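Any read-out appearing in this document is the output of simple, stated calculations on the displayed coordinates, not a laboratory observation. As the structure is a computational prediction, the values presented were derived from the model and not from experiment. Using ideal geometry, Cβ is built from the backbone for each residue, glycine included, and neighbour counts are taken over all protein chains shown.
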Amino acid sequence: MEIRDELRLITMNVGREIYGIDIFCVDSIIKPVKITPVPLVDDCFLGVINMRGTVIPVISMRRKLEFEDCEIGEEARILVLRTEDGELVGALADSVHDVLLVEPEKYSEELPESIRNRAFISGVIREDDQLVTVLNVNAVLNTLERAESGI
């Protein structure tokens, strides 16, 4: 991840964990709408939605990060992310918070060896006695492209 003068992250909860996504990857944030299931796709895919005439695949961040499923609550949101190729993909999170402005010295790419799914994580940030795990959106979405090719 390229660190600018100040990193801007959208923070979200998946389970009890806080994750951050570079704001420049986020196209929009919407309340969950009817998700139409699609057969024969990877387990992390919930289906597709229609957003302003565009069909967008939606993944469950809970499943992607290997958390147990739960009911979609009032706080749940779909982050519509833009891939490197300009495609839109929805990512369902338990809740979305605000924009976190991070100075580069608070960002660390060094991760403990015990962390699984390291490819999905670009770093961590210490913010007010809590850790925010910064997701590598391109790595998460690259798995999407591989799965879609099997449809």
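Structure notes:
- Under 5 Å between amide hydrogens, built in the peptide plane, is the criterion, and for residue 51 it picks out 56 among residues at least 5 positions away or on other chains.
- GNM result for the chain, Cα springs below 10 Å: residue of 16, 52, 82 fluctuating most strongly: 52
- Most mobile of 133, 54, 11 in a GNM of the chain (Cα contacts under 10 Å): 54
- Shape class of region 10-66 from the alpha-carbon gyration tensor: oblate, with a/c at 1.5 or above and b/c at least as large as a/b.
- Under the Karplus curve 6.51 cos²θ - 1.76 cosθ + 1.60, θ = phi - 60°, whole-Hz ³J(HN,Hα) for region 20-27, x wherever Gly or Pro sits: x, 10, 3, 4, 6, 8, 9, 7
- Farthest towards the positive end of the charge dipole of the chain, among the residues 53, 139, 81, is the Cα of 53, using unit charges on the Cβ of Lys, Arg, Asp and Glu.
- For the residues 13, 136, 50, a GNM of the chain with alpha-carbon springs under 10 Å puts the largest fluctuation on 50.
- When the square roots of the Cα gyration tensor eigenvalues are ordered a ≥ b ≥ c, the ratio a/c for the chain is 1.5 or more and a/b exceeds b/c, which makes its shape prolate.
- Centre separation in Å (Cα based) which lies between region 66-140 and region 11-46: 10
- Vicinal HN-Hα couplings computed from phi for region 95-107 (Karplus, 6.51 cos²θ - 1.76 cosθ + 1.60; Hz; Gly/Pro x): 7, 10, 9, 10, 8, 9, 8, 10, 6, x, 6, 8, 8
- Using the rule -39500 (n - 2.57) for each DSSP H run of four or more residues, divided by the residues of the chain, the 222 nm mean residue ellipticity is -3000 deg cm²/dmol.
- Partner lysines for residue 106 [C-alpha distance under 29 Å; skip if fewer than 8 residues away on the same chain]: 64
- In order through region 70-87: 3J(HN,Hα) via Karplus (6.51 cos²θ - 1.76 cosθ + 1.60), integer Hz, x for Gly, Pro: 8, 5, 6, x, 4, 7, 4, 9, 9, 8, 8, 9, 9, 6, 4, 8, x, 6
- Working from label points 7 Å from Cα in the Cα-to-Cβ sense, the residue 127 to residue 70 distance is 2.0 nm.
- Extension gain, residue 42 to residue 27: 0.36 nm times the residue separation minus the Cα-Cα distance gives 3.0 nm.
- Under-5 Å amide H pairs with residue 87, H placed in peptide plane, nonlocal only: none
- For region 7-148, DSSP calls about 90 percent of its internal beta bridges antiparallel.
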